[in-house]
Amino acid sequence: MRRVDVVYVLIKDEANEKILTVKNVRKTGFDYTLPGGAVETGENLAQAAIREVKEETGLDVEIGELLSLNEAFYSESGNHVLFFTFAGKRTGGELTISRRTKFRKSSGWIIPLAINRLRILEMA
C-alpha cells in the first residue's frame, strides 16, 4: 500500500466559540471538514498545514500541537493514509477561498454545537 499523509487544522475564532470549516461538494451532496489536505513532496507536516489552510480559507495560521493521529486503509486506491490534526491559531489573512475548485465551495465559522446537524466527512 502507498502511504499518504494528510493534515487538518482545528482553528477557533477569537472568542473561542466557533471553529473554521470548509464545505466540500461530493457525489452524494456536500460535507464539512476542517481545512487541510495531502502533504506534497518536499513539505513537512507544518508546511503542508499552513499551505492548505491558506488555499482553502485565505487565512494565515501558526501551527500548534498535534491533537490527533488517525489512520485508514483504502483498498480501492491502495492507500494507507495517516491523518494528522493540529491546533492552529489565526495570524492574518481574510476569510475567502484562494483556490476554489468544483469540489470546494466555501469556508466559514460554525458553532461546535451545530456539528450534530451537519454532514461530516467520514474518514473510513
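The values are calculated or read from the model by the stated rules, or taken from the named source; none is laboratory data. Bear in mind that the values here come from a model prediction, so they are computed numbers and not experimental data. Cβ placement follows ideal geometry from the backbone for every residue including glycine, while neighbour counts extend to all protein chains displayed.
Miscellaneous remarks
- Contact map, the range 63-90: first residue without any contact (Cβ under 8 Å) to a residue 24 or more places away in the chain and on the phi < 0 side of the Ramachandran plot, second residue polar (S, T, N, Q) and surrounded by 13 or more Cβ atoms within 10 Å (Cβ to Cβ), Cβ cut-off under 8 Å, separation 6 or more or different chains; pairs are LEU66/THR85; SER68/THR85; LEU69/THR85.
- Considered as a group, the residues in the range 57-89 that are in a strand (DSSP E or B), under 14 Å from the mean Cα position of the chain (by Cα) and of a type in the set (Ser, Thr, Tyr) include one that is surrounded by the fewest Cβ atoms within 10 Å (Cβ to Cβ), and that residue is SER68.
- Looking only at the range 90-124, and only at residues there that are surrounded by fewer than 10 Cβ atoms within 10 Å (Cβ to Cβ) and of a type in the set (A, V, I, L, M), the one that is modelled with the highest pLDDT: LEU113
- Taken over the range 1-22, residues that are more than 19 Å from TYR74 (Cα to Cα) and touching a Leu at 6+ places or on another chain (Cβ under 9 Å) amount to 9.
- Screening the range 1-56 for strands (runs of 3 or more DSSP E) wholly inside it with 3 or more residues that are under 10 Å from the mean Cα position of the chain (by Cα) and either surrounded by fewer than 16 Cβ atoms within 10 Å (Cβ to Cβ) or without any contact (Cβ under 8 Å) to a residue 60 or more places away in the chain (or both) returns the ranges 36-38.
Here's the yes/no breakdown for (1) modelled with pLDDT under 90; (2) among the acidic types (Asp, Glu); (3) on the phi > 0 side of the Ramachandran plot:
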{"site": "LYS12", "(1), (2), (3)": "no, no, no"}
{"site": "ASN24", "(1), (2), (3)": "yes, no, no"}
{"site": "GLY29", "(1), (2), (3)": "yes, no, yes"}
{"site": "LEU45", "(1), (2), (3)": "no, no, no"}
